[in-house]
Structures are given as structure tokens and as C-alpha cells.
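One structure is given here, and the rest of the page talks about it.
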Amino acid sequence: MSGDFLFQAFVYLTAAVIAVPIAARLGLGSVLGYLIAGVVIGPFGLGLLGEGGEDIMHFAEFGVVMMLFLVGLELEPALLWRLRGPILGLGGLQVVVTTAVAATVAYLLGLPWQQALAVGMILALSSTAIVLQSLAERGQLKSAGGQASFAVLLFQDIAVIPMLAIFPLLAGTVATAPGDAHGADAHAATTLVSGLPPWAQTLAVLAAVAAIILGGRFLLRPVFRAIAATRLRELFVATALLLVIGIALLMNQVGLSAALGTFLAGVVLANSEYRHELESDIEPFKGLLLGLFFLAVGASINFALILAQPLLILGLVIGVVVLKFTILLALAKVFRLGTDQALLLAFALPQVGEFAFVLFAFGVQEQVFDGSVADPLVAVVAISMALTPLLMIFFERVIRPRVGTKETAAQEPDAIDERNPVIIAGFGGFGSTVGRLLRANGVGVTVLDNDADRVDALRRFGLQVYYGDASRYDLLIAAGAQEAKLLVLALDTPERTLDLVHTAHKHFPHLQILARAFDWQDAHDLLDAGVPYVYRETLDTSLRLGTDALRLLGFRAYQAQRAAQTFLRYDEESVRTLTGQRGDRTVYLLAARQRIADLEHILQADLTGIDLARDDGWDAEPLRADFARVVEKTD
Amino acid sequence: MTRILILFAHPALEKSRVHRRLVRVAQEMPGVTFNDLYEAYPTFDIDVRREQALLAEHDLIVLQHPLYWYSTPALLKQWQDLVLEHGWAYGSQGHALRGKRLLIILSAGGRAEAYQPGAFNRFTIREFLAPIEQTAYLCGMAYLPPLIFHGAHRMTLDDIGQAAGHYRHVLEALRDDALDPAALGAWQTLNDALNIMPMIGKSTQAVTQ
């Protein structure tokens, strides 16, 4: 059993590792790569998969649930509220109009009206998984068209719930005897609440939603804080997974879509300081499961059926895609999207979604229709999903360059959330002072810190502080490193600082780095690493103390001040000069010996080198001598 | 009794022989407030409210400084820029300084005859100080002729002692209202008005006469 599992995992991973990079290199996007890999290893390709294909699909659907959670995390409640118009208006009309037209066509093609209506509803849905992944890969998620796509998909996810409720009412036109429900989806049929009267069911649904919102608001933060305080990263990952799985289970028990529930939880947590950490923890699981899901879709395409009725299937695919495309385009224009954004929406959403697999199985089980109707349509759904990445590429390469308006750029500042120009990594005494100065002057800062208690305290003062290890690439991405201008490094240890410098240089070369250094050694390392702005943390403070010492000894305040400034400039020059001279000695000398060597070096330079008392402009001595000569001559 | 505020500006007092001596006199004199600007604001971060409060409390404002490049040291210019605010010192609502008097006491390296048309410095010191004179006028202050210690670089210790005596005499006379400001207005410098010769060398006498 476990050997079988390992073999399956090996096949899936191999297929993904080979196909996805090739697809990405060819500019086809990862979704198409997964789909092709699925076809190759599927029953009509190499036949490497056992009977578990169907189960894998259900398992992998969990990737969609995770994706919705992540989408929710990106959406603050305020933004969701702003999107209510597109969600209800555009999304609602898309589902209603597409259902009506598709059902009418199906009815005209000879299906009884009940079956036609059921099919129409199913075809109205689009694929959240494929669309969001494709849009995200192309950076289109935050454009107007991307947001419209998201709004429509969100409404569709909600619409699945009443559809599941309506299906049993449409039964009765199928002549055949009740089948044994071929192990189909128990998903919606058997839940804790299914035996209850409708009012109690409604109550249970409301209670579950309230539990998510209130729990997310008041319970999760202390829990995450306690977990974060253990400083065990895997425990945080486990907690994040537990949260998502727990909500999915709860939602299933009250008959709601798990994706919807986790989306809600994501929105509730969007304002929390753990948002970035949650994102980067769930992200890999979501990616793998979604990949698995796409593989399963590819593998499930029934080529035997297609080859048996090629014209029918082809005709249906074209019919469905053109129908959905036309309706989407028309609605987008009604809702005043720019031409290129309307086309983006229409090219993104014309496929039928993964919920179709569930609903067709459910429909057969509930005897809404039988296999002769469902099976060809399932093939149509799979093909339409596989076509989506190709359509998107077609849009990107052929259509978009010919459409004038470039709304993406103009829309950018308004999109998802406001990005701050400065990221401060580490918010102890040093970083917080920098942050306070910038904020006091109206500069927004995003703070990354991995001290859970501190993060919590700072949040209470309304700072945008996030918990996490700042040297991680994904966390930097989440914090908006691509849009930021400055990265301030005020971390606790030189090692982590250097790690972050390397990460930032590699992935975000546009970021200007300002780094706190601890001592000479550390300053050398940072300068060597190519950071031009290096600040030894004790330098200015000790010079201020020295200045006051000079004053107490009777120096004029301004003289002491000038002396400290001169010394500071000279000392900074020395650090930079010595960095160049260090060379290979670092390799041979232990750090402690290096420090002593550096100290000796600079003390030597102090003794032999420059006179630190300058300001000759105020010195009258040479003038006096000059005058004396002039006077002697003239006298 | 006139309340005197001395705004003293010297970036390198430790290098000055003349002002060190004058400062000692001023600091010991009753009825005189001595405000050492470079000591109070070594980072040029002037406390405007404190300075305005000081100005309000006094009747005679003395600017005391060495003449650098025919003008004041940098901090004293910064002080003018920041403290003499519109709406406070001047403008339709700015009456805080109205009726007060302004006196400049400065040291200059060159001899008196060098500050003449056709001479080495081509202008009189009074002419070089025109911006401050106009500032006083704009603020509604009476501008007194400046007191100048010429040839500061060549003073002997005796010269400096003599200069300090004149300095004390002028401040005391102004404090005790022994000098009539209106009568002083006609003179180019306070040196002329009081027949003070705090300069070294024989040439001094000729100039002040």
C-alpha cells in the first residue's frame, strides 16, 4: 500500500518536474504543463496511474480550497465590500444569463427542460483553479479585468450551494432504475445537518459562518501568537494547515462549500500580522495540490469517448466556449470595462469549472440525468479547461497587442492593497526608531519582525507589522518587496542580515539597502557584500557621548560638535579604506583576531595620520603673521 | 533702566583673544543677558520660541560677533532667518520688536582706514552692515551706530584691556540710560559718537576725528 503510494507520488512528481519547466520555458504557463503531463501519464497516455485517479482528483480539489484561503488573505474586508457591486451584479448576471441561454439551447437540442436547466447551471460555472492560477502567473489578478474575473468566480462558488439544493427537485425525467450511485460524491449529500428541518439547517449555516468570523477575529491571533512564540516553524505550518482543514470540514458538515469557508477565514485574517507568514506557509501546499488537481484533470480526459464521437464533442466544446465568451464580453461592456479588460475577462472565463465534475456526478446520483448525457459533457468540461491556457496565450500574444487601451498600469495604484515604499526588517530599538522617524514624516513602512510578543504589541499601536523571518524570499514578496524602494535592515544578528542582503540582491536588485552593522568586522562584511549604506550601531551614540565629554572638559559646544563630525567622516573613510585592504586576511584570521587587527590598524592611522582639528577658516594665526609683515613693510 | 540682551556669535571663541575678554565683561555685568548662540545651538538647531521670548523681555538687542567676509558668522544669519518670523517680527501683524533698539558690536581684522571708499575694502563697515540696518528698520527697531573694534589681529594685551574698558563703558551707559539714542543717530559709528579709540596704532586718531 505504502509502496503503491510512493510509486504514485513518484509518477506525479516526475511528470510535473519534467512537463512544467518545459511548458514554462515555452511560455505556455504551468497549468498547461500540468494538464499535458496528466494526459501523458493518464490511462490514454502511458497508463501509469492506477485506479486511484478519481480519488486523487477529490484529494487535489483541496488545492482549490487552499487557493481560496490565500485569495481571501489578500482581500481585506474593506476591499471585498468595494467589490460587492461586481460580485453581485456581474457575477450574478453571468450565472443567470449563461444558465438561461445554455438551458434553452440544451432544450432545443432535445433534452427535457429539467435536464436542460441542470446542464445550463453546470455550464455557467467556470474554473476558479485554472483562471486564478493563470491570471496570477501573468500578473493580471489586480487589473480591472482580473478583479472582475475574481468577482464572477466568487459568485459562482456561492451559487454552487443553491444548485446542489435545486438538483434533487429536477429529478424524475430519467427512465432508468436508480443506479448504485457509483461511489459518487458524498460531498453534499450526507452531512450532519441534512436530517434537520430547513430552519435548523439555515441556523447551522449562519452559526458556522459566525464561528469563522468571530473565531478569526478573537481566537486565532492569541493561538498564532502562542505557536509563534515556540519558534518552531513546522508547528506554525501545522497550525495553518489545521486551520484550513478544520474550516473545510466544518463547512462540509453544514453543507457549504469548503472553498467559500476558507475564503471567508482568509478575509478575516487579511488584517492580521500573521498574514504574510500564513501565505508563505500555505503557498507550497496549495501549489502542489493545485498541480495535482490539474494533472488529474488531464488524466481524466476520456479520449475513447472523444474518438467515438469526435464531431459531437468538438461541436459542444466550441459551442460552450463561444456561448460563454459572448455573454462574458457583453456583460463586461455593460459594466463599462475597457475593451482590453473586457476581452481579458472573456478569454479567462469561457471554460467550464471543476465543480462540473462534482455536479455531473451528483446529478447522475440524484437521477437528474443519466450517463448518456453526463459522460460526453464531462469530456467537454475537461477539454474546455485544457483550452483555457491556450486561449489566454492567444489573447496575450495576438489580441492584446492590437487593443489600444492599457488599463493595467492605470489601475495599479488602486488595486489590492497599498504598498509602502519602505520595508523595515527587524523592529527592535534600532528599527523602531527608524520606523518612527519615517512615519512621523508621512512615509509608510511595512515592518517584518519575528518576535511574536513585539509584533503583537506594535500592532496594537496601529503599525503595519508582520510576523516572519524576513530573510525568506516569499515573505519579502508578500511584504511588497517588488514595489518598495528601500529595505532597512535592523536585524538582530549579522548572519541573518547578510542572508537578507544576498536574497534582496538576487531577487530585488532595484531595492536600495540600508543596513545596521554591529562593529567594524560586520561593516566590512556588508561593504564587501555591496551594501553602500552601512551604519555601525554604536558609532553615533559614542561620538555624542564623546562630544559631551569634551564640553564638560571645557570645550566650546560648537568646537566639540565640529570635532565629532570631523571624526565621524574620518572614521567612515577609514572603514571603507580598510575594507579594500582586508583582502584574503579574513580567510586566515579568526574573527576576534581580525577585530584586534583592525583596531591596531586604525589606531596606527590615528597616530600617524590626519590632524582631526581643522576649521582653519577661523584661525587668525596665519593672518596675524601676514599682517605683521605688511605692517613692517609699510611702517 | 534698559534691559540688554547680547546675542553673541563666534564659532571659534577658543581662538579669539578680543571676544574672550569682552565676553568675560558681559557675563559679569548686572542687567545684561548674555546669549551665547554657538554654545546653545552647536547643531544650528535654533529654539525659535526661546529666542523670541528672550527678545520680548529686553529693550536693547546687541549683536556681538567678529566680521566674517564682511558679514555675520553663519549661525547669526540662521538666527535671523528663523527667529525673525513674519507675523511676529514684521508684517501687518508682526509688532513684537517695535520700539526696541538694535546695536551691533563687532571686531574686524582690518584697520579703520581700510574700510573707506578707495581703500583696501572699498566700503565702510556701516555700508557692509546695511542688510541688518534694514532688518531693524523693517522690524520697527531703532538702529544705533555700530561699535567696532578694529585691527583685532594686532591688538596687544594692553589694547585688548582698553577695548574691554570701552565695551564696559558703552554697555553700562546704555543700560543706565546715560546715552540719548536720538543724539547717537547722527553718527556713522558709536566710536565716532563717543570719541572712542579702541584701535591700535597712530592712524586711529586721524580717522575718528
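I'd like the full set of residues that are under 19 Å from A:Phe430 (Cβ atoms), in contact with a helix residue (DSSP H, G or I) (Cβ under 8 Å, 6 or more places away or on another chain) and either open to solvent by less than 20 Å² (accessible area, probe 1.4 Å) or not hydrophobic (A, V, I, L, M, F, W, C) (or both), limited to region A:540-554. Across region A:540-554, the qualifying residues are A:Asp540, A:Arg544. With respect to A:Arg225, determine if the residue is over 20 Å from A:Glu74 (Cα atoms) and in contact with a strand residue (DSSP E or B) (Cβ under 9 Å, 6 or more places away or on another chain). Here the answer is yes, as A:Arg225 does meet what is asked. The condition of being open to solvent by 50 Å² or more (accessible area, probe 1.4 Å) and among the β-branched types (Val, Ile, Thr) holds for only one of A:Ile301, A:Ile313, A:Ile318, that being A:Ile318.
The set of residues from region A:346-401 being polar (S, T, N, Q) and in contact with a His (Cβ under 7 Å, 6 or more places away or on another chain) is empty.
Within region A:55-102, the residues that satisfy the criterion of being touching a residue at least 12 places away in the same chain (Cβ under 8 Å) and of a type in the set (Gly, Ala, Ser) are A:Ala60, A:Gly63, A:Gly72, A:Gly89, A:Gly91, A:Gly92, A:Ala100, A:Ala102.
What about B:Asp36, is it under 15 Å from the mean Cα position of the chain (by Cα), open to solvent by 10 Å² or more (accessible area, probe 1.4 Å), within 14 Å of chain A (Cβ to nearest Cβ) and over 19 Å from B:Ile132 (Cβ atoms)? Considered against the rule, which asks whether it is under 15 Å from the mean Cα position of the chain (by Cα), open to solvent by 10 Å² or more (accessible area, probe 1.4 Å), within 14 Å of chain A (Cβ to nearest Cβ) and over 19 Å from B:Ile132 (Cβ atoms), B:Asp36 comes out as yes. Would you confirm whether any residue within region A:436-457 is touching a residue at least 12 places away in the same chain (Cβ under 8 Å), touching a Gly at 6+ places or on another chain (Cβ under 8 Å) and open to solvent by 50 Å² or more (accessible area, probe 1.4 Å)? Checked region A:436-457: at least one residue is touching a residue at least 12 places away in the same chain (Cβ under 8 Å), touching a Gly at 6+ places or on another chain (Cβ under 8 Å) and open to solvent by 50 Å² or more (accessible area, probe 1.4 Å). Counted as qualifying within region A:54-123 are the helices (runs of 4 or more DSSP H) with 3 or more residues that are more than 30 Å from A:Leu242 (Cβ to Cβ) and open to solvent by less than 20 Å² (accessible area, probe 1.4 Å), namely A:92-108. Of the residues A:Leu607, A:Leu527, the single one that is assigned to a helix (DSSP H, G or I), more than 14 Å from chain B (Cβ to nearest Cβ) and modelled with pLDDT of 65 or more is A:Leu527. Of the residues making up region B:159-166, one or more are loosely packed, with under 13 Cβ neighbours inside 10 Å and more than 29 Å from B:Arg98 (Cβ to Cβ). Are any of the residues in region A:567-585 open to solvent by less than 40 Å² (accessible area, probe 1.4 Å) and either within 14 Å of another protein chain (Cβ to nearest Cβ) or modelled with pLDDT of 90 or more (or both)? No: zero hits. In a residue-by-residue description of region B:77-96, the property of being over 30 Å from A:Ala560 (Cα atoms) and either within 14 Å of chain A (Cβ to nearest Cβ) or touching a Phe, Trp or Tyr at 6+ places or on another chain (Cβ under 7 Å) (or both) applies to at least one position.
When restricted to residues that are open to solvent by less than 10 Å² (accessible area, probe 1.4 Å), in a helix (DSSP H, G or I) and within 23 Å of A:Val97 (Cβ to Cβ), region A:368-386 contains 4. Applying the set (1) within 14 Å of chain A (Cβ to nearest Cβ); (2) closer than 27 Å to B:Gly161 by Cβ; (3) open to solvent by less than 40 Å² (accessible area, probe 1.4 Å); (4) not in a loop (DSSP other than H, G, I, E, B) to B:Arg20 leaves exactly one unmet item: (3). Mind listing just one residue for me: the one in region B:39-56 that is more than 11 Å from chain A (Cβ to nearest Cβ) and open to solvent by 20 Å² or more (accessible area, probe 1.4 Å) and, of those, nearest to A:Ala563 (Cα to Cα)? Filtering first and then ranking leaves B:Asp47. Inside region A:460-508, residues that are at pLDDT below 80 and open to solvent by 40 Å² or more (accessible area, probe 1.4 Å) make up a count of 7.
Table: residues versus (1) out of contact with any Leu (no Cβ under 8 Å at 6 or more places or on another chain); (2) among the small types (Gly, Ala, Ser); (3) at pLDDT below 95; (4) buried (at least 21 other Cβ atoms within 10 Å of the Cβ).
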site: B:Lys15; (1), (2), (3), (4): yes, no, yes, no
site: B:Asp59; (1), (2), (3), (4): yes, no, no, no
site: B:Ala74; (1), (2), (3), (4): yes, yes, no, no
site: B:Gln80; (1), (2), (3), (4): yes, no, no, no
site: B:Gln93; (1), (2), (3), (4): yes, no, yes, no
site: B:Leu97; (1), (2), (3), (4): no, no, no, yes
site: B:Ile104; (1), (2), (3), (4): no, no, no, yes
site: B:Arg111; (1), (2), (3), (4): yes, no, yes, yes
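Confirm whether B:Arg111 is within 14 Å of chain A (Cβ to nearest Cβ) and farther than 21 Å from B:Leu54 by Cβ. The answer is yes for B:Arg111.
The set of residues from region B:122-155 being of a type outside the set (Gly, Ala, Ser), within 19 Å of B:Asn191 (Cα to Cα) and either within 14 Å of chain A (Cβ to nearest Cβ) or open to solvent by 50 Å² or more (accessible area, probe 1.4 Å) (or both) comprises B:Phe123, B:Glu127, B:Glu133, B:Phe149, B:His150, B:His153, B:Arg154, B:Met155.
The values are calculated or read from the model by the stated rules, or taken from the named source; none is laboratory data. Model, not experiment: these values are computed from the prediction. Positions of Cβ are backbone-derived with ideal geometry, glycine not excepted, and every protein chain shown enters the neighbour counts. Areas reflect the complete protein model, heavy atoms only, side chains present, ligands, DNA and RNA absent. Shrake-Rupley method; radii C 1.70, N 1.55, O 1.52, S 1.80 Å.
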